[in-house]
Amino acid sequence: MKTLLEILNLSVEHLQKKGVDEPRLSSELIITHVLSIKRLDIYLQFERVLTEEEISKIRTLLKRRSEHEPIQYILGETEFYGLKFSVDKSVLIPRSDTEILVQTAVEYIGDKPLSVFEVGTGSACIAVSLANKCKNVNITACDISEQALKLAASNAKLNGVADRIKFINLDILKKSPDSKFDVIISNPPYISKTVIESLDKQVRYFEPLGALTDGGDGLTFYRRINEITPDVLNASGSVFLEIGYDQAESVKSIYEKSLKDIKILRDYSGNNRVFIGKL
């Protein structure tokens, strides 16, 4: 039988040998998940003797992490914009950079009773976060993946906003919604196919390819959203888009004839990340 401290040290050592990023953090998160304790409790329970069942569960999750599977998928959850979200391999893991997109939209919407259309909702981290902060907003969120939509609906329910978000199965490249909206928002697949192979292996091998890239130059969804904007966006409506760090000029050129008051905002690292435009 081994103590918690012994298992922690062995776990960290194993992940280090496998070249996993932040091996101690991953080890601590796996242990707290299996034992249903907080990270602080690890340091208060170093001498706790673990059962064979507990060690077996830790070992199983540790093996997945040693193969560079993202810790969020292993734990089945993550945090975004102060809320908890369930995640699995059908959806992209929410990133902190996307919080810039959400915060910008939240500041614009405020308490106004606006309607929002989200393209490619995935885990629904954007839609749920907007609904949580903007109490009078009504959102329609689409995705091509039925599995992603099931997870999205569960996240809306988990965070108490299911009554103000409608999820629809829609291939936006082929069809557009029947209604009009005050806001269009999206974090679309914007990584070009030439960049995919250079991504970190835990992104490249585990996250859904269709949520990362359009299989082309990374601009397909921006062009499509521009095409449908006249039919989908109400007069004086606004468009909020997450963009790649090197896409600002390309995206602006797509929308320069259809939108006005175009702005580009930077993320926490100082990279171009959010596009805003008005009809």
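The values are calculated or read from the model by the stated rules, or taken from the named source; none is laboratory data. Values in this document were obtained by computation on a predicted structure and should not be read as measured data. Glycine gets a Cβ as well: all are built from the backbone with ideal geometry, and neighbour counts include every protein chain shown.
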- Query: Among the residues of segment 18-47 satisfying the criterion of being surrounded by 17 or more Cβ atoms within 10 Å (Cβ to Cβ) and more than 25 Å from the chain's Cα centre (by Cα), which is nearest to Val91 (Cα to Cα)?
  - Reply: Leu35
- Item | Scope segment 254-275; condition within 26 Å of the chain's Cα centre (by Cα) and either among the small types (Gly, Ala, Ser) or at pLDDT below 95 (or both); matching residues | Asp267, Tyr268, Ser269, Gly270
- Just one listed residue, out of Leu149, Leu130, is in contact with a strand residue (DSSP E or B) (Cβ under 8 Å, 6 or more places away or on another chain), more than 29 Å from Ala235 (Cβ to Cβ) and aliphatic (A, V, I, L, M), and it is Leu149
- Item | Only one of Gly277, Gly244 that is assigned to a loop (DSSP other than H, G, I, E, B) and under 25 Å from Glu107 (Cα atoms) | Gly244
- Filter pass, Val12 being in the same structural domain as Asp171 (by TED's automatic domain parsing), part of a helix (DSSP H, G or I) and at pLDDT 95 or above: no
- Which ones in segment 138-193 are within 20 Å of Gly277 (Cβ to Cβ) and charged (D, E, K, R)? Lys180, Asp182
- Restricting attention to segment 101-118, does a residue exist that is surrounded by fewer than 18 Cβ atoms within 10 Å (Cβ to Cβ), among the hydrophobic types (A, V, I, L, M, F, W, C), at pLDDT 95 or above and on the phi < 0 side of the Ramachandran plot? yes
- Run down Asp231, Asp261, Asp217 and say which single residue is assigned to a strand (DSSP E or B), charged (D, E, K, R) and surrounded by fewer than 18 Cβ atoms within 10 Å (Cβ to Cβ). Asp261
- Query: Looking at this structure, is Tyr245 buried (at least 16 other Cβ atoms within 10 Å of the Cβ) and without any contact (Cβ under 8 Å) to a residue 60 or more places away in the chain?
  - Reply: no
